[in-house]
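Beneath this line is the structure, given in structure tokens, with notes to follow.
The values are calculated or read from the model by the stated rules, or taken from the named source; none is laboratory data. Computed from a predicted structure; not experimentally measured. Note that each Cβ is placed from the backbone with ideal geometry, even for glycine, and that neighbours are counted across all protein chains shown. These area figures cover heavy atoms from the full protein model, side chains too; ligands, DNA and RNA do not enter into them. Shrake-Rupley method; radii C 1.70, N 1.55, O 1.52, S 1.80 Å.
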Amino acid sequence: MKEDPRAEALELIAAIRMRLMNAVEAGIDAIRIEAPKTATAPRGASPASPPSPAPERPPQGSGLFDAAAKAAPALSTGEKAAALEAIAAEVRACTKCRLHKGRTNAVPGEGNPDARILFIGEGPGENEDLQGRPFVGRAGELLTKIVEGGMGLKREAVFIANVVKCRPPENRVPLPDEAAACLPYLHRQIAAVNPELIVTLGRPATGAILETDEPMGKLRGKVFHREGRTVVPTYHPAYLLRNPPAKREVWEDIQVAMREIGLPIPDRRRG
Ligand code: URA
Ligand code: SF4
């Protein structure tokens, strides 16, 4: 499919501008750009350091956005970590919605600032509220199993966040105004980490990212693209605790997601 090159350039510029605005939103106010030595030099390679051992992201089918992602300057791990810590500090002091009143600890999220995969849950439960960390209760144990036992990754390799950062009373679903008040933090976290893949866990997270009212049964395991990222919705681990047979579908969805970003699928867990 041939595009008008001018339209393509304009779209590319718009995509780069969006990336830069995301970086500004994430609290990044300076970006160092190093010109590659040759057209084929790995991104970020400099004479002082050998080529990064981190594998280049595999090519994806997202065309212009993928080109924009390559053209836009990458944040260093340190810059990402600093942006995430700044967001977390704001979250811990936040009183933008009523949920701050009931919290023991806010739960900003945690994980690898360079994660390729970001999981999004609904909001902290009791254990999360007590510890200030996401997914540390029973549902969290199951998420950790999915990541480590299923995907063959360390939990520390991914990033885990929630739609709302403070525990709703009795673990009720976040109200629309609470989600709306809190979502800018999530979007800034996404911009900072810049993951290739977002896995949304359950309806509230899926609805927040895809802005849809469709039920999970219709959305799960499908591949969406948002701002150059792959988004794959699946069931929430808390739902799996109530309905263990749905684990099979979650494993299918996770495999779809991993394949989509070129991650090898471990051969265990048949059935
Ligand atoms: N459920 C969620 O949605 N998020 C958590 O952090 C824990 C349980
Ligand atoms: Fe602020 Fe989000 Fe907590 Fe509401 S849930 S007080 S918006 S951090």
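Looking at this model, which pairs from Lys222/Lys247; Lys80/Lys222; Lys80/Lys154; Lys145/Lys247; Lys218/Lys247; Lys80/Lys145 are more than 23 angstrom apart at the alpha-carbon? Pairs exceeding 23 Å: Lys80/Lys222; Lys80/Lys145. Sorting the segments 199-210, 168-179 by their residues' average number of neighbouring beta-carbon atoms within 10 angstrom, most packed first, yields 199-210, 168-179.
What number comes out for the charge environment of Cys94, summing +1 per Lys or Arg and -1 per Asp or Glu over other residues with Cβ under 11 Å away? Every neighbour counted, the sum reads +3.
Using a 1.4 angstrom probe on heavy atoms only, work out the carbon and sulfur share of the accessible area of the stretch 79-195 in %.
52 percent
In Å², what does the accessible area per residue of the stretch 134-271 work out to with a 1.4 Å probe?
Working: 6060 Å² over 138 residues.
With all protein chains present, the stretch 134-271 gives 44 Å² per residue.
Taking amide hydrogens as placed 1.01 Å from N in the peptide plane, the amide H of Thr212 sits under 5 Å from that of no residue at least 5 positions away in sequence or on another chain. One chain, two ends: Asn105 and Leu175. Fully extended at 0.36 nm per residue, the span grows by 23.3 nm beyond their Cα-Cα distance.
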